[in-house]
1. Out of B:210, B:181, I need the residue that is crowded, with 23+ Cβ neighbours inside 10 Å and within 14 Å of chain A (Cβ to nearest Cβ). Which one?
2. So, residue A:396, is that one over 21 Å from the mean Cα position of the chain (by Cα), farther than 30 Å from residue A:43 by Cα, surrounded by 13 or more Cβ atoms within 10 Å (Cβ to Cβ) and modelled with pLDDT of 85 or more or not?
3. Kindly indicate whether residue B:191 is assigned to a loop (DSSP other than H, G, I, E, B), within 13 Å of chain A (Cβ to nearest Cβ) and modelled with pLDDT of 85 or more.
4. When residues of the stretch B:248-288 are filtered for being in a loop (DSSP other than H, G, I, E, B) and within 14 Å of residue B:126 (Cβ to Cβ), how many remain?
5. Out of A:51, A:20, A:36, which single residue is farther than 22 Å from residue B:52 by Cα, at pLDDT below 85 and surrounded by fewer than 24 Cβ atoms within 10 Å (Cβ to Cβ)?
6. So how many residues does the stretch B:215-233 have that are more than 27 Å from residue B:152 (Cα to Cα) and within 9 Å of another protein chain (Cβ to nearest Cβ)?
7. Tally the residues that are over 30 Å from residue A:369 (Cα atoms), touching a residue at least 12 places away in the same chain (Cβ under 8 Å) and in a helix (DSSP H, G or I), restricting the search to the stretch A:139-172.
8. Can you confirm whether the stretch A:172-181 contains a residue that is in contact with a helix residue (DSSP H, G or I) (Cβ under 9 Å, 6 or more places away or on another chain), at pLDDT below 85, within 14 Å of another protein chain (Cβ to nearest Cβ) and crowded, with 20+ Cβ neighbours inside 10 Å?
């Protein structure tokens, strides 16, 4: 009953014309920020923060949150159209999304990503409303050993992301882990693999590697053939642009998978949207009837990660609003904003400021509808972009990539890094190395190393801390994932031997 | 409206002109760039943006001030960016103790604070030593005694090995012979989650961050680390009152300028930030975040930086952290 009353109060706050306008403005800004690679929600929110001092705090919070989840809607656009991930959590979307675009199904991919975002965003908000306080308490049981096991499970998914050769996938992943180790070590303040460069002290930004390897590498590979570049097929007629009923049916499980994984990983401070999108993609592939088709343009491969990164935003608000603990860069800024407006985020925030909490929850329901209405017509516009001939398209991808990287830190050094990783991406394509495992290693490596070292510092070097219940379960699943391909291989070898003998 | 604003700012400019006629003829003639070493949302970034906001609100500046983020290398990239603007009176940087700490241990940090011109010190950041409410330790002495009895079993969550959290631990360990573990977490949220979840036993926490957890009955404060007693924590003893006669390097934030900074521009900014530190908005900001107001002019900031540096070098050497300068 409390929840119903709260929600009624929330809608009465969120439905005032001013707050509705704020919600719409936030969603619109979020979509734009999401579409543009490089400029992410944390930077946008920080830049807008001074403007919000003159505004009503609830309206301002509704707008800033709109930017946060709105960016997740837009993030998939360039992933699908140009193979340029708009946000770090949209990297996985490139794998199947871009392949779909190449087959003329860009509209379906964009459409399903908007629909998956809507479904997962709404389910995430329902969960935020229903289970936030008890779940937040539970999330505190998660500490370094649990995070380590979660990261190991994520890395074990390399098996699922590998193409023909597991060896090559493992090599690519190791390369990613190496890049993740660059920079200043938190525990000893030692510089690792910085080659005497001041710019490398902070490590290499994950977005540079992802855009370099995916987008720049792809452009170079496409420059190769001597025959004139083909235009990508775009079907005529509005009806053919959107996902079909069959597509929606195929994605039923992906919607749920993305919503649940995204939300629960989002609740854990210290995991993040990128990991949740990788995990939901992995799960989707693991349970699929046609896992071999993943990476060639299956629609579930777009729906699952896009759902996950949206549900993640609702999840990430749980520790922020119920405990005063920010779990990510964006929620850290939202926390700073709440303090600057004179609120007291902490364990008593919901009790103290029910109008703010319920207004925000209600605005998220409205915001997700707004975003769906905003994004579906955009599908038709964006899909037309692919009608551009190659000599316009590929320079455009390069331009978008470089501007995106430059907006992060205005650093020329990072543009050079982008070029380097473009070459790496090209070489990997030529040598038939899968690129996704490299990005996976890079995303998880840093957190995994930190979690392991933290665990061992806590236990004074005793490894048994890694085998308490939750980590033990996660590690067992990881081990199982790694062993399955070995058994398959062993069986096929045995079958061959038996054939020969017979 | 616009006219009245213009008149107002003209009047203020005129007043500033009279007041500083003897020493400050220079005035900024184009937007001022403030370089910070964190990404948007980091500590120095939030301070810089709040500062811009207050300068605007109080009409203290005739030009705009904009924040430029140059993250990377814990201040090394930003320090290099400031040094590049040699002699430019329209560039400033917001610096913190982290810059001093980082330059001491990182060979790659080629530009140090000694290469830049100190302009003004603004704040000192106090800290609290906190435990969970269900913790058996009621005082810092009880915690230290327990750590002495069973070396290495108690744990503290904190930031990097060069952070103030660890320096406080080092100082206490050396003066008492106790020993407990220090677990580094990159984000403040993770440190707090580790403490609340019972995975570590103690942490050094910012007063503003701790306030709400205390009100909700989740945390208990053992000691405050500050020169003056904090208004929000009147009954909490400081280190000395807790029975530990040890000093602690202050955590400072202030402004630096490029090398070869013009003297008259320096005088202008010293005066500007002195005025800022006396405004009502600044006092409110300091109180909201439970900080210590500590304005210093350029020379004072320079001396403080050298003192902190010597202190930190000493601490690192005793803690076994390799220093390069």
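1. From the options B:210, B:181, the qualifying one is B:210.
2. No; evaluated as a whole, the condition is false for this residue.
3. no
4. Residues that pass the stated criteria total 3.
5. A:36
6. Residues meeting the conditions: 3.
7. Summing the residues that are over 30 Å from residue A:369 (Cα atoms), touching a residue at least 12 places away in the same chain (Cβ under 8 Å) and in a helix (DSSP H, G or I) in the stretch A:139-172 gives 23.
8. no
The values are calculated or read from the model by the stated rules, or taken from the named source; none is laboratory data. Quick caveat: nothing in here was measured; it's all calculated off a predicted structure. Virtual Cβ from ideal backbone geometry, glycine too; neighbours counted across all protein chains shown.
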